[in-house]
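Colleague: Mind looking over this structure? Questions follow.
All of the numbers you see were taken from the coordinates with simple rules; none came from a lab. Everything quoted here is computed from the prediction, not taken from an experiment. Here the Cβ positions follow ideal geometry from the backbone for every residue, glycine too, while neighbour counts run over all protein chains shown.
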Ligand code: NAP
């Protein structure tokens, strides 16, 4: 029997690596994408012991040509039924002190590459009439003032893209889930030059394993937006209902108070 395949960007560490382990255990073969080939090979060897075959794609997704190579894999490998759009970086400076180089790299990875790959997966899955795309956003998409605004903005962008993709692709048998983790204990913090354990109290930090378990459970439950830490799912439903309620009033001539 052929095993389904999941392509994961940012598979060399943190959330992406844990997804790879959990999807392998659920019967998936993997396409592992990141810059660090040695780490990906090591993960592939570990997953092989669990019976999963992995293709390793070494790619720097801030580089257009590398994004093109991953788009081609999504397009050509018809065994891929699951795309985890996960590679990302963060930055923690005060907004006005964000270096230009960081802004450009963050937008290239979190926005440009994430958009190109989401749409490439979307085109491939629509053509195959099935597939699941998981966009890894963040709770700061809802709460942008709590973090560096460039990072928050990149995650709000991904949230907006997910809403639009859901509207356009759902009818074609394609499922889009947006996952909004809160602070999760991964390397992203250290890479951004900070230590999550000194920055935040322990009760505000999730372990990667429990975050990914919750996200996969949310997908099983049919959620289109999953916020692993949110105790009451009705709060999210209310927020979504309030947002959609604005819809019919957003397109017209100026409102009375502006005349
Ligand atoms: P992480 O452990 O630092 O993992 C990030 C992954 O992205 C790594 O595999 C890294 O691999 C890859 N990556 C970084 N730059 C890349 C590039 N230029 N090209 C290709 N791959 C690149 O962090 P994480 O927390 O698991 O992050 C995964 C996602 O979760 C991100 O989108 C992040 O924004 C989101 N998220 C995280 C948290 C949190 O608190 N941890 C909260 C909300 C959302 P290489 O270095 O090998 O390339």
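Colleague: For region 28-155, max minus min Cα coordinate along each principal axis, in Å, sorted largest first?
Modeller: 47, 34, 27
Colleague: Per the helix-only calculation at 222 nm, which mean residue ellipticity applies to the chain, given -39500 (n - 2.57) for every DSSP H run of n ≥ 4 and division by its residues, nearest 500 deg cm²/dmol? Provide the component values of the computation, followed by the final result.
Modeller: On the way: 10 runs with 116 residues, N = 259.
So the calculated ellipticity at 222 nm is -14000 deg cm²/dmol.
Colleague: Spin-label point model (7 Å from Cα, Cβ direction): what's the residue 251 to residue 105 distance in nm?
Modeller: 4.1
Colleague: Give me the angle, in degrees from 0 to 90, between the Cα long axis of helix 233-246 and the longest principal axis of the Cα atoms of the chain, rounded to the nearest 10.
Modeller: For helix 233-246, the angle is close to 50 degrees.
Colleague: On a 0 to 90° scale, report how tilted helix 64-76 is relative to the longest principal axis of the chain, with both axes built from alpha carbons and the result rounded to the nearest 10.
Modeller: Compared with the principal axis, the helix lies near 70 degrees.
Colleague: What translational diffusion coefficient, to the nearest whole µm²/s, does the chain have by Stokes-Einstein, given a Kirkwood radius computed over alpha-carbon pairs, a temperature of 4 °C and 1.567 mPa s viscosity? Before the final figure, lay out each step's value.
Modeller: Details: Rh = 19.1 Å.
Translational diffusion coefficient: 68 µm²/s.
Colleague: Taking the Cβ of each residue in 28, 258 as the centre, tally the other Cβ atoms inside 10 Å and list the residues starting with the fewest. Provide the component values of the computation, followed by the final result.
Modeller: Working: 28 25, 258 6.
In order of increasing Cβ crowding within 10 Å: 258, 28.
Colleague: By counting other Cβ atoms within 10 Å of each Cβ, how are 236, 221, 117 ranked from fewest to most?
Modeller: Details: 236 16, 221 9, 117 25.
Arranged by neighbour count, lowest to highest, 236, 221, 117 become 221, 236, 117.
Colleague: Sticking with this one: Sorted from largest down, give the three principal axis spans of the alpha carbons of region 155-233, whole angstrom values.
Modeller: 45, 23, 19
Colleague: Using a basic spin-label model with each label point 7 Å from the Cα along Cα→Cβ, how many nm lie between residue 210 and residue 167?
Modeller: With each label placed 7 Å out from Cα toward Cβ, I get 3.6 nm.
Colleague: Moving on to the next point. Quick one: length gained pulling residue 25 to residue 46 fully straight, 0.36 nm per residue minus the C-alpha distance?
Modeller: Numbers: separation 21, 0.36 × 21 = 7.56 nm, distance 1.14 nm.
Between residue 25 and residue 46, full extension yields an extra 6.4 nm.
Colleague: Something else: At a Förster radius of 35 Å, what calculated FRET efficiency corresponds to the Cβ-Cβ distance of residue 190 and residue 2, to the nearest 0.05?
Modeller: Working from the Cβ atoms, E equals 0.35.
Colleague: Quick one: order 147, 82 by neighbouring beta-carbon count within 10 Å, fewest to most. Write down the numbers at each step before the final one.
Modeller: Values: 147 19, 82 23.
Starting with the residue having the fewest Cβ neighbours, the order is 147, 82.
Colleague: Please give, to one decimal in nm, the separation of the simple spin-label points placed at residue 68 and residue 95, each 7 Å out from Cα toward the Cβ.
Modeller: With each label point 7 Å from Cα toward Cβ, the separation is 3.6 nm.
Colleague: Does region 109-259 classify as rounded, prolate or oblate by the C-alpha gyration tensor (a ≥ b ≥ c root eigenvalues; a/c under 1.5 gives rounded; else a/b over b/c gives prolate, otherwise oblate)?
Modeller: Cα axes put region 109-259 in the oblate bin.
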